[in-house]
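Readers should treat all values here as calculations from the given coordinates under stated rules, not as data from a laboratory. The shown structure was predicted, so the numbers you read here are calculated from the model rather than taken from an experiment. Backbone-built Cβ (ideal geometry, glycine too); neighbour counts: all protein chains shown.
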Amino acid sequence: MKRFLINLPEDVAKFFFWLVFDRRIDIHPDETVSQYVNIQTKEPTFSFDEALYYDKVRESCFDVCEKHNVDIYEIAMRVLNLFYYCDKNKVSEHLTNPE
């Protein structure tokens, strides 16, 4: 299980980036992690224990964003837009399979 320490808005972005790019999850900050499913397979992504841990991380994301007066939804949307841009333009293929 990957561990996260959320202290800054950048940590929130890193957590969301990991969820979207590494775990292939279509995220929304208001959804609990147990609701997350794989973008391609639509299967639950995390075990019960993992979901409990990542839900605590998600709650920390809200706390940090509030503390720093940053919009958590804006961070999530930017990460998702980057993913969809990369997916549409096959950028991720070039990142994982350089010629």
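Some notes on this structure:
- Point-to-point label distance, D11-E31, nm (Cα→Cβ direction, 7 Å offset): 2.5 nm
- The chain - mean residue ellipticity at 222 nm from DSSP helices (-39,500 (n - 2.57) per run, n ≥ 4, rounded to 500): -16500 deg cm²/dmol
- Interchain or long-range residues, amide H under 5 Å from N38's placed H: E43, T45
- Computed from the C-beta positions of D87 and R3, the FRET efficiency with R₀ = 41 Å rounds to 0.90.
- Residues D71 and R23, FRET efficiency given R0 of 25 Å [Cβ-Cβ distance, rounded to 0.05]: 0.65
- Nearest-ten-degree value, helix 72-88 long axis tilted from longest Cα axis of the chain: 10 degrees
- P(r) weight above 21 Å for segment 9-96, C-alpha pairs, percent: 29 percent
- In degrees, nearest ten, helix 48-67 long axis to first principal axis of the chain (Cα): 70 degrees
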